Amino acid sequence: MNSRVLIGANSFMKDFRERANEAKKSLFVQAMTFEGDSAGEELIDIMASSPAKDKRLLVDSYSKAVINDSFIFSPKYLKDKAFRQEVKNTRRILKSSSKYGIEVKLTNPLGFFMLRYPLRNHKKMVVVDEQTTYLGGINFSDHNFEWHDMMVAIESRETGSIIAADFNKTWNGENQSTSIDVDDSTIYFFNGIKSSGLYEKLFDKIRKAKKSVEIISPYISNPLLGVLKQVPKEVEVSIISPAKNNKSVFKDILLSELQWGYFRMFEYPGMSHLKAILIDGETLLFGSSNYDIVSYYWEQEVVLETTNQKLIEEFKNIVLMPAKDRCVEISDQASLESRSLKLLKIVEWFCRISSKSFLKPH
């Protein structure tokens, strides 16, 4: 498998533009977040400039409700002129994309009174001519572009065809729950609680670790924490989490759990949105999932599991070691049952019960 690890939005967008300019047949882009700022405009410019005949952009309906990490239906919309302008510009850009030959579709409608708001499509993936695939965590918004994040470019006709097929299924309203083997890798398409069996396959690999489990993720909760508790005690488990988390409840969870001693915690300066797990230095999991309660119960995700040593060495050298060099280890914390932790327990209970009404597991 030919691959390139791309750290940061600038690196990703530069690589993507080069491939898009060479495209002949198709250019498919999918993300959870698209906003009418310079990042969104750059994406549209790349797609508009591409000679590909079939150009499509798939965005989750999340962007109809949340812009720049703020709800559109909130007092901020009335008070903040710049925020209102960004909301309007997002709608304008998406609506006008057709004049550049770009078809746009929004996945997972929010439903009456936003009752289906938790059912989000969280995938971030791009495929060019069913040959070059990008998988990782980068969304198309200015604040996402500022975060520490990663996309992996994969040059493979087989991988490209698989990702393009999933894109087309989602475009037509079908969410997959399946895993597909490709050479020394497996691609997982998760669909919330319907994919509990698939998640167990990955979780079992973590439970069977012999030396180490190294995790980078901003949003960690159960079920992943429950899995880490089952890892043999002689295995070193480490978690790299952002010091300035845009969802502070997840920082509270880790600080509270740290006292039990089943993992070491390292804080990355600023905000890191990167999602990856390295098991025994030999198996790498990366993609869109954080393996948290929201992903597990509700969301559509894409994850690639690989034992490709060239890619793993590149990940270690470009992502893991530089991140560790910038991190500060956090010592044991006293147990604090904060309001956010109590709220999370209620949310987890709600997700477990209600998701089965919308997404019955296989």
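The values are calculated or read from the model by the stated rules, or taken from the named source; none is laboratory data. This one's a predicted model, so the numbers in the text were calculated from it and none came from an experiment. Because the Cβ atoms are built from the backbone with ideal geometry, glycine has one as well, and the counts that use them run over all protein chains shown. Heads up: the accessible areas ignore ligands, DNA and RNA and are worked out on the full protein's heavy atoms, side chains in. Shrake-Rupley method; radii C 1.70, N 1.55, O 1.52, S 1.80 Å.
Observations
- Test for Tyr268: is it aromatic (Phe, Trp, Tyr) and buried (at least 21 other Cβ atoms within 10 Å of the Cβ): yes
- For the range 288-313, the set of residues classified as under 14 Å from Ile277 (Cα atoms), under 12 Å from the mean Cα position of the chain (by Cα) and charged (D, E, K, R) consists of Asp292 only.
- Tallying residues that are surrounded by fewer than 12 Cβ atoms within 10 Å (Cβ to Cβ) and modelled with pLDDT of 95 or more within the range 314-362 yields 5.
- At least 1 residues being small (Gly, Ala, Ser) and under 30 Å from Ile187 (Cβ atoms) is the threshold, and among the helices (runs of 4 or more DSSP H) wholly inside the range 1-97 those reaching it are 9-22, 38-49, 62-65.
- Residues (open to solvent by 30 Å² or more (accessible area, probe 1.4 Å) and either of a type in the set (Asp, Glu) or more than 18 Å from the chain's Cα centre (by Cα) (or both)) located in the range 250-265: Asp252, Leu255, Glu257, Gln259, Trp260, Gly261, Tyr262, Arg264
- Residue count for the range 163-210, restricted to those that are among the aliphatic types (A, V, I, L, M) and either open to solvent by 60 Å² or more (accessible area, probe 1.4 Å) or under 18 Å from the mean Cα position of the chain (by Cα) (or both): 6
- Test: residue in the range 130-150 that is over 25 Å from Ser217 (Cα atoms) and not hydroxyl-bearing (Ser, Thr, Tyr): yes
- Members of the range 14-25 that are surrounded by fewer than 20 Cβ atoms within 10 Å (Cβ to Cβ) and under 25 Å from Tyr62 (Cα atoms): none
- Flag if Ser49 is loosely packed, with under 15 Cβ neighbours inside 10 Å and polar (S, T, N, Q): yes
- Restricting the range 223-244 to residues that are surrounded by fewer than 20 Cβ atoms within 10 Å (Cβ to Cβ) and of a type in the set (S, T, N, Q), the residue that is nearest to Val328 (Cα to Cα) is Ser238.
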